Amino acid sequence: MAEELLRVDNLHVKVEENEILKGLSLAVNKGETHVLMGPNGAGKSTLGNTLMGNPQYQVTEGTVTFNGKNIMDEPVNERAKDGLFMSFQNPLEVPGISLSNFIRSALEQRTGKRIRLWDFRKEMKAALAVLQMDPSYADRDLNVGFSGGEKKKAEILQLLMLKPTLAILDETDSGLDVDAVRTVSRGVEEYQKDKDSALIIITHSTGILSSLHVDHTHILVDGKIVASGDASLVDEINRDGFAKYEQA
């Protein structure tokens, strides 16, 4: 029997005075990949930010349980230590800290252990190769001067190195050309090999999904999940759009 990793029950979330999520419930088991789709403004990114504990998103009702623990009162850094990870639509530039040092520091924070530099560099080299990134990127300041595609690859590099228990990918494929989407997909496929982890993919475009195994697809409209299905639901949305769900 599949082991439950994440449970969201009747989640209501406000941003300032606007209620965005209106009673959303979701369960994710270990080893599963869930795709979350919906029209603009449906609340997809709000869910991701709320799961990560972004203080701009105010939970007014409901609970979030991760790995059997209620995390509603945990700050962002504690959720990250617990094994939650989110890649962003627009990754920030951080001058003064290299991509390599950032990831190594985050790994040590997550594990609570010092990491031998030799072992870290060996693993980093292998992850860079999966993403077809030049090794010199490891020594560049985090995202500074990176193209949009390079920033997205750097996010997936963090995913491969940090090995989170639950990864939330928020529009990771937005703004990428076909070749970059394929490369990012390879990185996500590598992450999917760990059957003790799980994945939530938030997307408008479905290019990143073409080579990935998808267990469950959910349609989010006006702050609620209005339909759920398997990977075939992605094909339906590609063909027919969200109109029938918006009118329901």
Screening 144, 130 for residues that are among the aliphatic types (A, V, I, L, M) and in contact with a strand residue (DSSP E or B) (Cβ under 9 Å, 6 or more places away or on another chain) leaves only 144
If I filter the stretch 72-79 for residues that are basic (Lys, Arg), loosely packed, with under 14 Cβ neighbours inside 10 Å and over 28 Å from residue 243 (Cα atoms), do I get at least one hit?
no
Restricting to the stretch 1-18, and then to whatever is touching a Phe, Trp or Tyr at 6+ places or on another chain (Cβ under 8 Å) and β-branched (Val, Ile, Thr), can you tell me which residue is surrounded by the fewest Cβ atoms within 10 Å (Cβ to Cβ)?
15
Which fully enclosed helices (runs of 4 or more DSSP H) of the stretch 155-248 have 3 or more residues being within 15 Å of residue 85 (Cα to Cα)?
178-192
Any residue that is touching a residue at least 12 places away in the same chain (Cβ under 8 Å), under 16 Å from the mean Cα position of the chain (by Cα) and within 14 Å of residue 166 (Cβ to Cβ) - is there at least one of those in the stretch 52-61?
yes
Exactly one of 144, 184, 188 is of a type in the set (A, V, I, L, M) and farther than 24 Å from residue 31 by Cα, and that one is 144
How about the stretch 213-223: which of its residues are more than 19 Å from the chain's Cα centre (by Cα) and either surrounded by fewer than 17 Cβ atoms within 10 Å (Cβ to Cβ) or closer than 22 Å to residue 192 by Cβ (or both)?
222
Restricting attention to the stretch 19-48, which residues are open to solvent by 20 Å² or more (accessible area, probe 1.4 Å), outside any loop (DSSP other than H, G, I, E, B) and in contact (Cβ under 8 Å) with a residue 40 or more places away in the chain?
19, 20, 22, 23, 25, 29, 45
Scan the stretch 143-153 and tell me whether some residue there is polar (S, T, N, Q), in a loop (DSSP other than H, G, I, E, B) and touching a Leu at 6+ places or on another chain (Cβ under 8 Å).
yes
Going through the stretch 49-87 in order, the residues found to be under 16 Å from residue 24 (Cβ atoms), outside any helix (DSSP H, G or I) and of a type in the set (Ser, Thr, Tyr) are 57, 60, 63, 65
Consider only pairs whose beta carbons are under 7 Å apart and that are at least six residues apart or on different chains; among these, list those whose first residue lies in the stretch 129-147 and is closer than 20 Å to residue 174 by Cα and touching a residue at least 12 places away in the same chain (Cβ under 8 Å) and whose second residue is among the aromatic types (Phe, Trp, Tyr) and open to solvent by 20 Å² or more (accessible area, probe 1.4 Å).
142/102
Members of the stretch 231-248 found to be without any contact (Cβ under 8 Å) to a residue 40 or more places away in the chain, open to solvent by 80 Å² or more (accessible area, probe 1.4 Å) and either among the charged types (D, E, K, R) or over 14 Å from residue 35 (Cβ atoms) (or both), listed by number
235, 239, 240, 244, 247, 248
Return a yes/no flag: does the stretch 97-109 have any residue that is in a loop (DSSP other than H, G, I, E, B), of a type outside the set (Gly, Ala, Ser) and more than 19 Å from the chain's Cα centre (by Cα).
no
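The values are calculated or read from the model by the stated rules, or taken from the named source; none is laboratory data. For clarity, every value in this text was computed on a predicted model and none was experimentally measured. Quick reminder, even Gly has a Cβ in these numbers, built from the backbone with ideal geometry, and neighbours come from all protein chains shown. Note: accessible area is taken over every heavy atom of the protein model, side chains too, but ligands, DNA and RNA are not part of it. Shrake-Rupley method; radii C 1.70, N 1.55, O 1.52, S 1.80 Å.
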